[in-house]
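Structure record follows, encoded as structure tokens.
The values are calculated or read from the model by the stated rules, or taken from the named source; none is laboratory data. Fair warning: this is a prediction, and the values are worked out from it, not measured in the lab. With ideal geometry, Cβ positions are generated from the backbone for all residues, glycine too; neighbour counts draw on all protein chains shown. Note: areas computed on protein heavy atoms with side chains; ligands, DNA, RNA excluded. Shrake-Rupley method; radii C 1.70, N 1.55, O 1.52, S 1.80 Å.
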Amino acid sequence: MKIMVEASQKGGGGKTTVTCQLAYYMPELAAPTLLLDLDPQMNATRCMLRGGVAAVAAFSTTQVFEGRWSALPPGDLVLVPADQGLGGLERQPQRHNDFVNALQAFLREAAPRFRVCLIDTHPCPDVRYVAALATADLVLSPIVLTQEALEGVGMFLHHPRHGYLRIRQRLNPRLELLGLLPNLVEATPFQRANLRQLVEQHPGLLIPVRRGELDGYALIPTRTAIAEAQAAGVPLWKLRQAAPAGSPDLGARPLRSAARDAWRELRPSFEAIARRLGVGA
Ligand SMILES: Nc1ncnc2c1ncn2[C@@H]1O[C@H](COP(=O)(O)OP(=O)(O)O)[C@@H](O)[C@H]1O
Ligand SMILES: [Mg+2]
């Protein structure tokens, strides 16, 4: 089982969106997937509950950290939901080592059943974030192409306590940066210039794609259909047209063409990420 954490210094960059859509995609590539929500805002949990696609564990990730998990439900996509208790873990420093050990023990137990484990975090580098990075094989970092976010990449890599390189050196030498994933990309000259700057300043940190559109790197354009798929809790490629107001919802409405187009743009990036997870062609 490959464990991948979504991490970045800023909220709103698409961690949850990418995590949920990847979680939907992996089982389509015959990779049973475990999804852990470590964010007390519970955005990934809510998305999964709305869509009803994932099987949901009877315990939360707080209970995982406390060593109180039970059997996982059957299914190719299984969510361990977040709850409000996650916010309290940071205030128990004497237990932090136990929390990390419990997460690692839980994932060792789950490993034989799943090919992939995806972990959604929130931007605060607290014990949950550090525990996730101390346990993972790979980090994926969605990034918006603003000047502030580009300046934040240095911190994400080099911060003396919770930077990626520091965690790798101190806690988890196995950890690899899968890459930075530009998200909410607009075809403006400003964003293109920022993308070029990212490529120049951090060579090798973007994710090459085989059938790339823009410049041969994985990236996700801003598309309303992506936000709508998240709001509905469904895979982008299965987003259907809304039922006309007042008419009964009969289920089999046509797929949204805007969603199909967005998926065509997104798919090469997801395939590249899947390959790094050892999944797909
Ligand atoms: N490529 C995209 N196109 C359109 N909306 C997006 C895209 N990526 C994310 N969003 C929307 O932006 C908001 C923030 O994304 P989210 O995944 O919650 O970020 P994070 O988890 O990093 O805080 C959400 O409402 C989401 O639906
Ligand atoms: Mg989030």
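Here are a few things to note about the model shown:
- As a length-normalised measure over Cα pairs under 8 Å and 6 or more apart, the relative contact order of the chain settles at 22 percent.
- Amide H within-cut-off set for HIS159, under 5 Å, with H built and near neighbours excluded: TYR164
- Prolate/oblate/rounded call for the chain, Cα gyration tensor, a/c under 1.5 rounded: oblate
- The label point for ARG240 and the one for LEU49, both projected 7 Å from the Cα toward the Cβ, are 2.3 nm apart.
- Student exercise, the stretch 2-276 dipole from Lys, Arg, Asp, Glu Cβ charges, in Debye to nearest 20: 400 debye
- FRET efficiency for HIS158 and ALA258, using Cβ-Cβ distance with R0 set to 41 Å, rounded to 0.05: 0.55
- Here the accessible area of the chain is 53 percent carbon and sulfur, with a 1.4 angstrom probe and all protein chains present.
- In the chain, helices alone account for a calculated mean residue ellipticity at 222 nm of -12500 deg cm²/dmol, with every DSSP H run of four or more residues adding -39,500 (n - 2.57).
- Here the Gaussian network model covers the chain, with springs between Cα atoms less than 10 Å apart; of LEU239, LEU34, LEU118, LEU239 fluctuates the most.
- For the stretch 147-196, dividing the convex hull volume of the Cα atoms by the residue count gives 83 Å³ per residue.
- Length gained when the stretch ARG170-THR146 is fully extended (0.36 nm per residue, less Cα-Cα span): 5.6 nm
- The chain: most fluctuating residue of ALA58, ALA136, ALA229 per GNM, C-alpha cutoff 10 Å: ALA58
- Comparing PRO235, PRO112, PRO81 in a Gaussian network model of the chain where C-alpha atoms under 10 Å apart are linked, the largest mean-square fluctuation is found at PRO112.
- Shape call, the stretch 20-84: gyration tensor on alpha carbons, a/c limit 1.5: oblate
- Per residue, the chain exposes 44 Å² of accessible surface when a 1.4 Å probe is rolled over the protein heavy atoms with every protein chain present.
- For the stretch 108-171, GluC sites (Glu not before Pro) are listed when DSSP marks them as loop and at most 13 other Cβ atoms sit within 10 Å of their Cβ; the list is empty.
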